[in-house]
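Report on the structure given below.
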Amino acid sequence: MERVTLFADVILPLPLPKLYTYRIPFEMNDEVMVGARVIVQFGVKKVLSCIVAGIHETAPADYQTKYILDVLDDKPIVTAPQLKLFKWIADYYMCTLGEVINAALPSALKLSSESRIQMHPQYEPEESNLILAPQEEKIIFALQHNQTLTFSEVGRLLDHKSYHKFIKSLIHKGAIIIFEQVSEKFSPKVVKKVRLSEHFVQEEGMLEELFNQLSPQPKQLDVLLNYLQQVPVHQSIHLNLRGIEKSALTGNPHLSASAINTLIKKGVLEQFDQIISRFPVDQEALHLPVALSEHQLEAKDQILGLFKEKDSVLLHGVTGSGKTEVYIDLIKHALEGGGQVLYLLPEIALTAQIVTRLMKVFGDKLGVYHSKFSDNERAEVWQGILSGRFQVVVGVRSAVFLPFHDLSLVIIDEEHEASYKQYDPAPRYNARETALMMAHLQGAKTLLGSATPSIESYYNCQNGRWGLVTMNKRFGEAQLPDIELVDVRREQQRKNMHSHFSARLLSEIEQRLQRREQVILFQNRRGYAPFISCEECSWIPKCKSCAVSLSYHKYNNELRCHYCGYHERMPHDCPACGATTLKSMGFGTEKVEDELKLLLPAAEVQRMDLDTTKKKNSYQQIIADFETGRTNVLVGTQMVTKGLDFAHVSLVGILNADTIINFPDFRAHERAYQLFVQVSGRAGRKDKPGMVIIQTRDPLQPIFRKVYSNDYLSLYEHEIEERMRFGYPPFVRMIRLTVKHAEEHISENAAIVLAKDLTDRLGKQQVLGPEVPYIFKLRNLFLNEIHIKLPRNTPNLRGAKAQIAQAIFQLKLLSDFKGVQVVVDVDPV
């Protein structure tokens, strides 16, 4: 057999402009494959895993190749369509393939010298029959004493050049797992269960004898009777093997906890642990028929009809029209054809509510993917898609990176949401556009849904590129809510304002609570107050690293920067003049919650914003409390506007509409309309009539008329005319370059030089700036921005981007600007 020398081009999870080439050891020629992970050494000491992008026989001319150290996968973990998508993302969003891979792969699938290992929660060294090599035994022994080890520590422990192969072997044997941070250590969800000891069920007469033994102990007898009511062992001994959750007994107020524990000690009941799914499936509720209304059936048939001619269809349905039921029916249709489905949502909060509904229909075919999951949980979903276990995946924007190989339908719900855009770090991709390309590469259909479509999406329908289906009626008997404007200026003159609540809004809240209905209050600012100020000298505390004031958070009694995270204790007196008259200015969700509890003591108020949803299951808990009526007023930021469905909400209050409208951005009116309509859409979704109260100082704003009459078409016509006249998307493609440096004058000068070079390359009409942004300093770096407008029909978009990249490269070669950072954001939102 001829000995062939092969080389592999790999994608390292680093921001490198090119692929790097390694030599494949002859004995690994049949093991290395495109899309699989291999372990390599990069630099002097760094060992990490990377993805094979290509295999060939040509050695690089510029450097001596190193050997691949090991192969981690016997099958590719990145599919061919994924690799094409990753290359498109890197090209379109002007970043490196390494940055894309770094964002795409869960950390549990990325190994480096500093990756950590821990014992698998289900592995018991003393009870295991696994045969381990001496080096593997050494690792297990060390883990029993240290709990976790980095790859580097394992290398030093074994003093073996190929230590990673022993780690790989232990992973395959199920003895260890990998994680990136100790805070994200993986442990499966375990519940404590109890069952009747086996001999009481299998041996005749034993159960009767047990009743006689317990007759002097009535509390213990009550526990036994309750268990037998829940588990009829006389019908089947298999029911007893399953047992019941211990909490089903301990949670019963009529049973004694000590009696339960005594029965366990006596050996009457056995206690055992059982690993359960993080999304338990109610088998009895599975495959519930989704009964579509006539209007929904009509929409579904129109979508399927348009799919014969178009690859993408926009479903424009008013809030509460039942778009989700149409999605579910279309997913079932896609699964019947044997394909995979991706269902994208903009917010984790929305995911929590939708998952419950989808689980009832799709059961364990459904996977869920978002950033609140640990690395190992996300890796589990990744592998589940590759193995075919998950046919439907619900996820937020990062789900576009998953390894689908037979995608037939992509659903992008609330497609207008800015949350689909990734800001930092690179790749700064838009999940909506990426999902459209993903579907195109796999020959899948895309359905985009919204009550308030983005102007760009509706334009794609108007010019015939996409299909359009409209649902203009709410599901069932539900009607669109009544909208009422409250003039805050006039209310203040009449002394009708109670802090930030008008008398009208407070009165309506009280009435709703008396009728056992629920209320949502929207304020687009978190924290207690945007800033504090000294009443004597007007001192305002500022962030040390950013050009912004610090927001006051009362719960932690601290001042916090919402950009870099810097925080300090709330001062008792003014550092400038010593006065103690520090006053909070403006209001955020925390202050709304606080004051509402004082004004309406009977209200059960919960807050939903970034501060209250940091923990993994906090979204689910807040939503569950509101759905079950444990809370009756939900105060929140934009999170409460995004597609949540609550049956008993009959009133929505928008506390300060003006800050949303008067924002310096060409999309300000579009976003204001979307926010007002979306948050209004949470009211009156079932049989209760809904009402929306909008507090404003300028009730004559034209946007309110459009919201009042739910007139999206009027908004679209006005916006599209303005954008055509002034040259904004969808008529141009925008690229924003942000120049950053710790010295203000260097940032400014670098931006001027870069703008001149770009003007020479692209033309004066295409380059705007440089200009200093509203927030001109972030994380100790001074910012300057350059905006580039490329006509939508630019014949050579790739060439224009190459010119931009070349201009940035040339700037960094100049000795004065070597420390300058230039951040490229394609299609900023």
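The values are calculated or read from the model by the stated rules, or taken from the named source; none is laboratory data. A quick note: this is a predicted structure, and the numbers were derived from the prediction, not measured. As a convention, Cβ positions derive from the backbone with ideal geometry for all residues, glycine included, and neighbour counts pool all protein chains shown. The area values use the complete protein model at the heavy-atom level, side chains included, leaving out ligands, DNA and RNA. Shrake-Rupley method; radii C 1.70, N 1.55, O 1.52, S 1.80 Å.
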> Mind checking which residues of segment 203-245 are of a type in the set (S, T, N, Q), more than 42 Å from the chain's Cα centre (by Cα) and surrounded by 12 or more Cβ atoms within 10 Å (Cβ to Cβ)?
Replying inline: Q213, Q217, Q220, N226, S236
> Looking only at residues in segment 598-638 that are in a helix (DSSP H, G or I) and of a type in the set (G, A, S), which one is surrounded by the most Cβ atoms within 10 Å (Cβ to Cβ)?
Replying inline: S618
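Examine segment 611-627 for a residue that is under 13 Å from L521 (Cβ atoms) and within 26 Å of the chain's Cα centre (by Cα), and state whether such a residue exists. Spell out how you get there, then give the answer.
Quick first cut of segment 611-627, residues under 13 Å from L521 (Cβ atoms) only: 626.
Remaining after also requiring within 26 Å of the chain's Cα centre (by Cα): 626.
So far as segment 611-627 goes, yes, one or more of its residues are under 13 Å from L521 (Cβ atoms) and within 26 Å of the chain's Cα centre (by Cα).
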> Since H416 meets every condition but one in (1) more than 15 Å from L105 (Cα to Cα); (2) of a type outside the set (A, V, I, L, M); (3) surrounded by fewer than 21 Cβ atoms within 10 Å (Cβ to Cβ), which condition does it not meet?
Replying inline: (3)
>> Among the numbered criteria (1) at pLDDT 90 or above; (2) among the small types (G, A, S); (3) assigned to a loop (DSSP other than H, G, I, E, B), which one does A142 miss?
In response: (3)
> Across segment 463-494, which residue is nearest to L505 (Cα to Cα) among those that are of a type in the set (A, V, I, L, M, F, W, C) and at pLDDT 85 or above?
Replying inline: V486
>> For the condition closer than 20 Å to A657 by Cβ and without any contact (Cβ under 8 Å) to a residue 24 or more places away in the chain, what is the one hit in Q514, Q493?
In response: Q493
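Collect the residues in segment 702-722 that are open to solvent by less than 60 Å² (accessible area, probe 1.4 Å) and over 22 Å from Q479 (Cβ atoms), keeping them in residue-number order. I'd like the intermediate steps shown before the answer.
Going residue by residue through segment 702-722, those that are open to solvent by less than 60 Å² (accessible area, probe 1.4 Å) are 702-704, 706-707, 710-712, 714-716, 719-720.
Across segment 702-722, the qualifying residues are P702, I703, Y716, E719, I720.
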> How many residues are touching an Asp or Glu at 6+ places or on another chain (Cβ under 6 Å), surrounded by fewer than 15 Cβ atoms within 10 Å (Cβ to Cβ) and in contact (Cβ under 8 Å) with a residue 12 or more places away in the chain if we restrict to segment 570-595?
Replying inline: 4
>> Checking the structure you have, find out if any residue of segment 561-569 is surrounded by fewer than 20 Cβ atoms within 10 Å (Cβ to Cβ), touching a residue at least 40 places away in the same chain (Cβ under 8 Å) and over 30 Å from S680 (Cα atoms).
In response: yes
> Which members of segment 540-597 meet the condition of being in contact with a helix residue (DSSP H, G or I) (Cβ under 9 Å, 6 or more places away or on another chain), closer than 15 Å to A529 by Cβ and not in a loop (DSSP other than H, G, I, E, B)?
Replying inline: Y552, H553, S584
> Just checking, how many residues over segment 550-576 are farther than 22 Å from D594 by Cα and more than 25 Å from the chain's Cα centre (by Cα)?
Replying inline: 4
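Picking from I51, I101, which residue would you name as being closer than 30 Å to I735 by Cβ, part of a helix (DSSP H, G or I) and β-branched (V, I, T)?
Working: I51 fails: part of a helix (DSSP H, G or I).
Going through I51, I101 in turn, the sole match is I101.
Can you pull out the strands (runs of 3 or more DSSP E) entirely within segment 260-354 that have at least 3 residues that are at pLDDT below 90?
Numbers: elements: 269-275, 312-317, 340-344.
It comes to 269-275.
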>> Quick test of your reading of the structure: Y673 fulfils all but one of (1) open to solvent by less than 10 Å² (accessible area, probe 1.4 Å); (2) not in a helix (DSSP H, G or I). Name the failing condition by number.
In response: (2)
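Would you say I660 is over 21 Å from E347 (Cβ atoms), among the aliphatic types (A, V, I, L, M) and either in a strand (DSSP E or B) or open to solvent by 10 Å² or more (accessible area, probe 1.4 Å) (or both)?
On the way: over 21 Å from E347 (Cβ atoms): no; among the aliphatic types (A, V, I, L, M): yes; either in a strand (DSSP E or B) or open to solvent by 10 Å² or more (accessible area, probe 1.4 Å) (or both): yes.
Judged against the criteria, I660 is not a match.
Which of the strands (runs of 3 or more DSSP E) found entirely inside segment 433-536 contain at least 3 residues meeting this: more than 28 Å from V326 (Cα to Cα)?
Details: elements: 445-450, 467-471, 482-487, 518-522, 531-534.
Result: 482-487, 531-534.
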> Just one of P121, P134 is open to solvent by 30 Å² or more (accessible area, probe 1.4 Å) and either touching a helix residue (DSSP H, G or I) at 6+ places or on another chain (Cβ under 9 Å) or touching a residue at least 24 places away in the same chain (Cβ under 8 Å) (or both); which is it?
Replying inline: P121
> Applying the selection to segment 690-742, what residues are farther than 19 Å from P453 by Cβ and among the acidic types (D, E)?
Replying inline: D698
